[in-house]
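One structure is given below, encoded as structure tokens.
The values are calculated or read from the model by the stated rules, or taken from the named source; none is laboratory data. Small disclaimer: the values here were computed from a predicted structure and weren't measured. As a convention, Cβ positions derive from the backbone with ideal geometry for all residues, glycine included, and neighbour counts pool all protein chains shown.
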Amino acid sequence: VDVRLKELIKETCDQLNVEIIEMEIMPDHVHLLMEVDPQLGVHKAVKQIKGYSSKVLRTEFPWLKSRLPSLWTNSYFVSTVGGAPLAVIKQYIENQKNV
């Protein structure tokens, strides 16, 4: 499922012209460092990613429907990286798999 989720996120971001800088799929959440056009907005990008991936995954993996009443929660955490070097943020996200 995680491989397919990555594909779906990349597909959605390509359609929205959102650049994925780093991505890690965790057992119960996703770390996604991306560059979003301010005219699109982060909220719309996240909404599209969650909506499309949920629809496709629950169709392709029907057992998800019985195990999870909802694939995604309504909430998400967003933060700007400000002056932090992108390499540091990327390394943090990559290291989350090992925690």
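Tabulated data for the structure shown
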| quantity | calculated |
| --- | --- |
| First in segment 82-94 and closer than 16 Å to M26 by Cβ, second anywhere and acidic (D, E) and modelled with pLDDT of 90 or more, Cβ under 6 Å, 6 or more apart | K90/E22; I93/E22; I93/E24 |
| Residue list for segment 6-34, restricted to those being within 24 Å of K97 (Cβ to Cβ) and exposed (fewer than 13 other Cβ atoms within 10 Å of the Cβ) | E7, D14, E19, M26, P27, D28 |
| Which listed residue is modelled with pLDDT under 95, basic (K, R) and part of a helix (DSSP H, G or I), from K55, K44, K50, K90 | K90 |
| Criterion: loosely packed, with under 10 Cβ neighbours inside 10 Å and polar (S, T, N, Q) - qualifying residue of S66, S54 | S66 |
| Some residue of segment 57-70 being touching a residue at least 40 places away in the same chain (Cβ under 8 Å), under 16 Å from the mean Cα position of the chain (by Cα) and under 15 Å from C13 (Cβ atoms) | no |
